[in-house]
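Peer 1: Take this structure first; my questions come after.
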Amino acid sequence: SAVISQKPSRDICQRGTSLTIQCQVDSQVTMMFWYRQQPGQSLTLIATANQGSEATYESGFVIDKFPISRPNLTFSTLTVSNMSPEDSSIYLCSVEEGSQNTIYFGEGSWLTVV
Amino acid sequence: GENVEQHPSTLSVQEGDSAVIKCTYSDSASNYFPWYKQELGKRPQLIIDIRSNVGEKKDQRIAVTLNKTAKHFSLHITETQPEDSAVYFCAATSAGRRALTFGSGTRLQVQP
């Protein structure tokens, strides 16, 4: 499977600030997704990152809060804007790859907002 | 949209016993059903998946069954070992949607 790298792996952020998470894949992939996993919870899809077009957001997530970039087929960023303690979560990048369109996850970015 | 329900939320078994986790889905268009294992502090790891053109798939001690008519699928782990202890998530998606919808997770604890 593709190697999916996320940066930062972990961070402590001040309330009201913004943080950009990077996701780098070692091969070209068409579909990239961003998920949030709140403490002790399941994974919730934030958006699908489409190369060359705007991201498609799920209900409850908006572009102003979670702007996403997808400049090419191997890279995407997710920004968490104007953070509050409720944004403390693991943010996971995932990609669809292979002939079977299997979905794999990056290591995650663990954000704590204080 | 798709809704995936997962049961039980916690499951404790003795080493060597079998464990079964069940999921139901709502969207009849869903045709891909993966299972992920997440250990504490780590990313979800794909352990097995099944597509709607088959009813059962096995990989060593792990098997998944799918009943399309009833819209449910299950994970079966036989001869459980302490290293099977983790949170397991089921998920579903369709060819049109591509993104996964996850169940709420099952915390499996295997007692030595």
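Peer 1: Can you give the convex hull volume per residue for the Cα atoms of the protein assembly as shown, as a whole number of Å³?
Peer 2: 120
Peer 1: Would you look at the GNM of chain A, springs on alpha carbons closer than 10 Å, and say which of A:S89, A:S76, A:S18 moves the most?
Peer 2: Fluctuation is largest for A:S18.
Peer 1: List the residues, sorted by chain then number, that are 5 or more residues from B:S104 or on another chain and whose placed amide H is less than 5 Å from its amide H.
Peer 2: Excluding prolines and chain starts, which carry no amide H, the hits are B:Q6.
Peer 1: Given chain B, report the % of alpha carbon pairs whose separation exceeds 22 Å.
Peer 2: On the way: 1644 of 6216 pairs.
Within chain B, distances greater than 22 Å cover 26 percent of Cα pairs.
Peer 1: Would you give the gap between the C-alpha center of segment A:52-113 and the C-alpha center of segment B:46-111, rounded to a whole Å?
Peer 2: 24
Peer 1: Oh, and also: What is the Cα coordinate range of segment A:1-102 on the first, second and third principal axes, sorted by size from largest, in whole angstrom?
Peer 2: The Cα atoms of segment A:1-102 stretch 41, 27, 22 Å along their principal axes.
Peer 1: Continuing with this model, one more query. Quick one: among B:V54, B:V13, B:V64, which has the greatest mean-square fluctuation in a GNM of chain B with alpha-carbon springs under 10 angstrom?
Peer 2: Evaluated over chain B, the most mobile residue of the options is B:V54.
Peer 1: Looking only at A:P71, A:P39, A:P85, which one moves most when chain A is put into a Gaussian network model with springs between Cα atoms under 10 Å?
Peer 2: Greatest mean-square fluctuation among the candidates belongs to A:P39.
Peer 1: What are the extents of the Cα atoms of segment A:29-80 along their three principal axes, listed from largest to smallest and rounded to whole Å?
Peer 2: 33, 22, 16
Peer 1: Moving on. Show which lysines lie in cross-link reach of B:K22 when reach means a straight Cα distance below 27 angstrom and same-chain residues fewer than eight apart are skipped.
Peer 2: Once the sequence-local lysines are set aside, what remains near B:K22 is B:K37, B:K42, B:K57, B:K58, B:K68, B:K71.
Read-outs: derived from the displayed coordinates by stated rules, not from any lab. Since this is a predicted model, take the numbers as computed values, not measurements.
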